[in-house]
1. Against the conditions (1) surrounded by 20 or more Cβ atoms within 10 Å (Cβ to Cβ); (2) under 18 Å from Ser310 (Cβ atoms); (3) under 15 Å from the mean Cα position of the chain (by Cα), where does Gly150 fall short? Just the number, please.
2. Considering each of Thr243, Thr251 in turn, give the residue that is touching a residue at least 12 places away in the same chain (Cβ under 8 Å), under 24 Å from Gly150 (Cβ atoms), hydroxyl-bearing (Ser, Thr, Tyr) and out of contact with any Ser or Thr (no Cβ under 7 Å at 6 or more places or on another chain).
3. Has region 28-42 got any residue that is in contact with a Leu (Cβ under 7 Å, 6 or more places away or on another chain), touching a residue at least 60 places away in the same chain (Cβ under 8 Å), assigned by TED's automatic domain parsing to the domain that holds Ala171 and among the acidic types (Asp, Glu)?
4. Which of the residues that make up region 212-230 are free of Cβ contacts under 8 Å to residues at least 24 places away in the same chain, surrounded by 14 or more Cβ atoms within 10 Å (Cβ to Cβ) and either touching a Leu at 6+ places or on another chain (Cβ under 6 Å) or under 17 Å from Lys275 (Cβ atoms) (or both)?
5. Please indicate, with yes or no, whether at least one residue in region 277-285 is in a strand (DSSP E or B), at pLDDT below 95 and either crowded, with 22+ Cβ neighbours inside 10 Å or aromatic (Phe, Trp, Tyr) (or both).
6. When only residues in region 186-205 that are in contact with a strand residue (DSSP E or B) (Cβ under 8 Å, 6 or more places away or on another chain), assigned to a loop (DSSP other than H, G, I, E, B) and among the small types (Gly, Ala, Ser) count, which is modelled with the lowest pLDDT?
7. For Val92, which of the numbered conditions (1) surrounded by fewer than 23 Cβ atoms within 10 Å (Cβ to Cβ); (2) modelled with pLDDT of 95 or more; (3) more than 27 Å from Thr322 (Cα to Cα); (4) in contact with a Leu (Cβ under 9 Å, 6 or more places away or on another chain) fails to hold?
8. Just for region 17-28: of the residues that are modelled with pLDDT of 95 or more and touching a Ser or Thr at 6+ places or on another chain (Cβ under 8 Å), which one is farthest from Leu316 (Cα to Cα)?
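The values are calculated or read from the model by the stated rules, or taken from the named source; none is laboratory data. This structure is a prediction, so every number in the text was calculated from the model and none was measured. Using ideal geometry, Cβ is built from the backbone for each residue, glycine included, and neighbour counts are taken over all protein chains shown.
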Amino acid sequence: MQISQIRWSEKSGWVNTPGLLIVADMVLVFADNAFFQTEACYAQLHEMFPQAHLIGCSSSGNVLGVEISDGDIVATAVKLNHSKVLLTSVDVEPGKNAQEVGMRLMAKLGGPELRHVIVLSDGLLVNGSELANGLNQAGIPATGGLAGDGERFGKTWVMADAPAKTGLIAALGFYGDVTIKSGCFAGCEEFGAERIITKSEGNVVYEIDGQPALDLYKRYLGEQAKDLPASGLRFPLSIQASTGNKAVIRTLLAVDEVTHSLTFAGDTPQGHLCKLMHANFDSLVDSAGLAAEAAQPASHNAAGLCLLVSCLGRRLVMGQITEDELDIVQEKLGAETFITGFYSYGELAPFSDVMQCQLHNQTMTLTTIYE
């Protein structure tokens, strides 16, 4: 496996081009700049990497090595020596169930040597929970995330061997002699009593334990309730179908003072158990290390690629110490592993000991690729 990384900025254009890997088989592109949305951006990338599948998305922060950047575009080119990749995509149709879309993507990529699928999806028009359910039907591990748009929440964009567009889901399949592992840890801590979501629709919770959901949240947050929904980033909700199931995290996006409801970044099914959580900075950084340990190669000196997808909410909560979690990932994976990725509106990954893909929020997810 050969890897090279480049960056685009409005001031300099594409830089770090010496030794450009023009024979690359795939290029991962992450962007927090409107240039990504143009035909010119795709044309330039295609000219630099004429043989490569180009896949990428808009972000809420780009990752290149141990640095997080805004307002630019980062690209990672990979030449595979013992495996191959195929890229497919599907447009999101209004009213179309995302589970069906996920199933269709996996069917397009299906084959006896398919080892893993990386999925990048529009972050605002797709139900990530339904998408994960559809991806799981094929029985093949899948990871990835929902495109971001900074803190703007306007439109999100996905590139798949064509100029980037909204309303697109792209899936990159890996085949042959390749080892792909994933790690997924959050680091938030539960507090308070276990409760039941007694009334909800999709990602909107109206009642918890028969009480208006917003009123309950405000009682827990106390003085910080006046800053909702922004303060809610520090107090996500863990949900699980039953005590025997793994809990997933849901980030609070909005509150409705009229209906006394809460809107989260993912499904919150009626009847599920739930607990409030709070961010602990030390635990957040430690969880990045745990995710890296789960995704570690057999040899610390192995050369490979790590796709890091973490949450915008996590970044906003951690602030200036966010790059600390990148440092610990690099330390755990070794200097020979290149890191790229983005901060997202939702992370797609299985728990480290369960193959089923899930939608996560405020979670560090890693996918490592080695030949």
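1. (1)
2. Details: Thr243 fails: under 24 Å from Gly150 (Cβ atoms).
Going through Thr243, Thr251 in turn, just one is touching a residue at least 12 places away in the same chain (Cβ under 8 Å), under 24 Å from Gly150 (Cβ atoms), hydroxyl-bearing (Ser, Thr, Tyr) and out of contact with any Ser or Thr (no Cβ under 7 Å at 6 or more places or on another chain): Thr251.
3. Within region 28-42, none of the residues are in contact with a Leu (Cβ under 7 Å, 6 or more places away or on another chain), touching a residue at least 60 places away in the same chain (Cβ under 8 Å), assigned by TED's automatic domain parsing to the domain that holds Ala171 and among the acidic types (Asp, Glu).
4. Of all residues in region 212-230, those free of Cβ contacts under 8 Å to residues at least 24 places away in the same chain come to 216, 218-219, 221-227, 230.
Applying the additional criterion that residues be surrounded by 14 or more Cβ atoms within 10 Å (Cβ to Cβ) yields 216, 218, 221, 224-225.
Matches in region 212-230: Leu216, Lys218, Leu221.
5. We begin by selecting, within region 277-285, every residue in a strand (DSSP E or B); these are 277-278.
Filter once more, so that each one left must be at pLDDT below 95: 277-278.
Next, only the ones that are either crowded, with 22+ Cβ neighbours inside 10 Å or aromatic (Phe, Trp, Tyr) (or both) stay: 277.
Within region 277-285, one or more residues are in a strand (DSSP E or B), at pLDDT below 95 and either crowded, with 22+ Cβ neighbours inside 10 Å or aromatic (Phe, Trp, Tyr) (or both).
6. At the first step, the residues of region 186-205 found to be in contact with a strand residue (DSSP E or B) (Cβ under 8 Å, 6 or more places away or on another chain) are 186-200, 203-205.
Now restrict to residues that are assigned to a loop (DSSP other than H, G, I, E, B): 186-188, 203.
With the extra rule that they be among the small types (Gly, Ala, Ser), the set shrinks to 186-187.
Values: Ala186: 82, Gly187: 75.
Of everything passing the filter in region 186-205, Gly187 is modelled with the lowest pLDDT.
7. The number of the failed condition is (2).
8. In the first step, residues of region 17-28 are kept if they are modelled with pLDDT of 95 or more; the result is 24-28.
This time we only want the ones that are touching a Ser or Thr at 6+ places or on another chain (Cβ under 8 Å), so: 24, 27-28.
Numbers: Ala24: 34, Val27: 28, Leu28: 24 Å.
Applying the filter and picking the extreme gives Ala24.
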